[in-house]
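Asker: Could you have a look at this structure, given as C-alpha cells, before my questions?
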Amino acid sequence: MSSVWVNGEEVASYPDPAPEVSRGKPLRVTVVGEEILTRRCRPVGSDGEYAFGSPELSQLIDDMFTTMYVAEGVGLAANQVDVDLQLFVYDCPDDDGVRHVGHICNPELVELPAGERRLVEGDEGCLSVPGPYAEVHRPDRAMVRGFDKDGVPIVLEGGGYYARCLQHETDHLYGRLYIERLSGRAQKKVLKEMDSMAERIFEKRAARAEKLHA
Ligand code: NI
C-alpha cells in the first residue's frame, strides 16, 4: 500500500483532492512582472496578520490549496496569491509516485552535503508564468526546515520532482522565479510562449473554479 506524507510525516492515507480544497476559495494568481514576486516575503510571526495559530493563516492555507487545485499546480507560494508572507503549499508526487502534501511557513533550504545530491535537469513550470515549461538544473534532493501553521517545527525532505518543487517554492519566497535560472535566450522563449498561451490557461482555470462550486 502506498503511503502519503503530510507536512513531512508519513500517514496511512489522505483524501485527494486535499480537504483544504473544499474549505477554501480560489484567489487570483499573480503573474511575472508583478512586484510582489520579486522580493523576499515577510516571515510568519507570533502576532499581527496571519500570525501562527490564527484563523486568518488557516483560511489563507485553505484558499491557497483551492487556488493550486483550480490552476492544476503542484505547489503555490503566498506571493503568488498577492500575499506578502513566507508560506507555501504543495501537493506533489516524487519520482517513486509517493504523494507529498502540506504547507510550510518560513522555509529555509538546508544545504545537503555534495555526496547526497547531484545536479539534474528537469522540466519546470510556474503558475505565475502560465503555459510554458523549460528545463532547469537543480539538485535531485532537497531538505527544507520551517514551521506548520501552529508554529511547530517541521522538516520536508525528498527527491525527484518533489525536491524540485520544494526548491522552486522556497525560491518564490525569496523573490526568485525559475525563469531567472534560464539562459537569456531560453527565458525569452518562455516569455514569448507565455504571451501566446496565457489567455487559454486563464479560461481553463476559470472553468475549473466554476465547476468547484457547481
Ligand atoms: Ni512557481
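Asker: Pick from Glu56, Glu72, Glu180: which residue has the top mean-square fluctuation in a GNM of the chain where Cα pairs under 10 Å get a spring?
Answerer: In this elastic network of the chain, the residue with the biggest mean-square fluctuation among Glu56, Glu72, Glu180 is Glu180.
Asker: What value in Å³ per residue do you get for the convex hull of the alpha-carbon atoms in region 20-144?
Answerer: 127 Å³
Asker: Can you work out the base-10 log of I(q)/I(0) for region 92-169 at q = 0.14, 0.15, 0.26 1/Å, using the Debye formula on its C-alpha atoms alone?
Answerer: For the requested q values the scattering log ratios are -0.48, -0.55, -1.29.
Asker: Which of these, Leu119, Leu27, Leu76, has the largest mean-square fluctuation under a Gaussian network model of the chain (Cα springs below 10 Å)?
Answerer: Leu119
Asker: Starting at 0 and stepping by 5 Å, how many percent of the alpha carbon pairs of region 23-85 end up in each bin?
Answerer: 4, 19, 26, 24, 20, 7, 1
Asker: Let me ask another. Label region 146-187 by shape, choosing from rounded, prolate and oblate, from the square roots a ≥ b ≥ c of the eigenvalues of the Cα gyration tensor; if a/c is under 1.5 it is rounded, and otherwise prolate applies when a/b is larger than b/c, oblate when it is not.
Answerer: Here region 146-187 falls in the oblate category.
Asker: Quick check on the chain: what does the Kirkwood estimate of hydrodynamic radius come out to from the alpha carbon pairs, in Å?
Answerer: Its Kirkwood hydrodynamic radius stands at 17.5 Å.
Asker: Along the positive direction of the dipole of the chain (beta-carbon charges: Lys, Arg +1; Asp, Glu -1; about the Cα centre), which of Cys92, Ser2, Pro139 reaches farthest?
Answerer: The residue sitting farthest along the positive end of the dipole is Pro139.
Asker: Now a separate question. Please compute P(r) over all alpha-carbon pairs of region 103-214, binned at 10 Å starting from zero, and give each bin as a whole-number percent.
Answerer: 13, 35, 32, 19, 2, 0
Asker: Count charges around Val152 for me, please; just the other residues with Cβ under 15 Å from its Cβ, Lys/Arg as +1, Asp/Glu as -1.
Answerer: Value of the local net charge: -1.
Asker: Rg to Rh ratio, region 68-120, alpha-carbon atoms and Kirkwood radius? Write out the running numbers ahead of the final one.
Answerer: Working: Rg = 13.6 Å, Rh = 13.1 Å.
Rounded to two decimals, Rg over Rh is 1.04.
Coordinate-derived values only; no laboratory data. Quick caveat, the model's predicted, so the values are computed rather than measured. When we count neighbours, we look across all protein chains shown, and the Cβ atoms used for this are built from the backbone with ideal geometry, even at glycine.
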